[in-house]
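One structure is given below, encoded as structure tokens.
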Amino acid sequence: MSENKMIKKRAVVDSRRCVACGACMAVCPIQAVTVPDGCFARVQEERCVGCGRCSNICPAGCISILEKGQEEQR
Amino acid sequence: MKKTKKWYDYLWIWSILYFTLGFFNIIFAWLGMIDFLVPILIAGVSGNKFFCNHLCGRGQLFTKIGNDLKCSRNKKAPYFLASKWFRYGFLIFFLTMFGNMVFQTYLVAAGAANLREVVKLFWTFKVPWDWAYTAGLTQDWIAQYSFGFYSLMLTSTLIGLIVMVLYKPRTWCTFCPMGTMTQEICKIKHRK
């Protein structure tokens, strides 16, 4: 995936399904994902490069990689 | 960007050590209470899932075996596994079984039942485990609780390993009773 394509995408968390296990946080190469209050994971949009590692590891399947501006964080 | 490893990144070793110690001396099963009480304490006091996110040796072990050793098919888990009814249903089932184990311990303590030196897998299959305990080493109820608790820990790890192979490495986390409980505590604390 080229740098440009990665920049255009970002991870979006479905907070209703997130189990806050933190698996996404552990694999994020730039620490753009956090689980601050133990309820669900949050993605810092400005930092996320949309590499998809979090989406790939998420056991609940609640992280999608979307085009920036495609959908607001649920 | 390479992350600096912290001491708690090696807690997967603790998981292996726990089962090894319990294999030779069942009384070590009591150490598993740390994994029961610490997450609840952290969630209750700090209102976060620091335990699940950083300190869970079991989750780290599943990542190691599933991801690093490539023992996981890495397939998407069935939708229902992360659904509320399944997670809370499993939590209720797990707590019921835990309560049953405590009751068995009470019966042994009260002299109404004898100590059973077996490990019960999947709450059904009795596996003789008598080499791990010498009669008279401690009070019978302490040993009974050890056998029960070790059974619970071993069973949940085996379930975790099965879903790790079938689906994603940390699929167990989606319905882990401790994870469900601590997430609920955090939600109540943050009113979400």
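Any read-out appearing in this document is the output of simple, stated calculations on the displayed coordinates, not a laboratory observation. As the structure is a prediction and not an experimental result, all values here were calculated from the model. Don't worry about glycine lacking a Cβ; one is built from the backbone with ideal geometry, like all the others, and counts go over all protein chains shown.
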Spacing of the two label points (7 Å from each Cα toward its C-beta) at B:Phe23 and B:Leu107, in nm: 3.0 nm
Helix-derived mean residue ellipticity, 222 nm - over chain B, DSSP H n ≥ 4, -39500 (n - 2.57), to 500: -18000 deg cm²/dmol
Above-threshold pairs, the threshold being 23 Å between Cα atoms, out of B:Lys6/B:Lys75; B:Lys6/B:Lys49; B:Lys5/B:Lys49: B:Lys6/B:Lys75
Cα gyration tensor shape for the stretch B:1-78, rounded if a/c is under 1.5, else prolate or oblate: oblate
Peptides ranked, highest mean first, by Cβ atoms within 10 Å: ranges B:63-71, B:162-170: B:162-170, B:63-71
Gyration tensor verdict on the stretch B:7-190 (Cα atoms; rounded if a/c is under 1.5, prolate if a/b is larger than b/c, oblate otherwise): prolate
Virtual spin-label span in nm between B:Ile159 and A:Ile30, 7 Å along Cα→Cβ: 3.9 nm
Tilt relative to chain B, helix B:140-166 - C-alpha long axis, 0 to 90 degrees, to 10: 30 degrees
Calculated FRET efficiency for the pair B:Asn114/B:Lys64, C-beta based, R₀ 51 Å, to 0.05: 0.80
Solitary cysteines of chain B, where the nearest other Cys Cβ is not under 4.7 Å: B:Cys52, B:Cys56, B:Cys71, B:Cys176, B:Cys186
Estimated FRET transfer efficiency when R0 is 45 angstrom, pair B:Phe80-B:Thr134 (beta carbons, to 0.05): 0.50
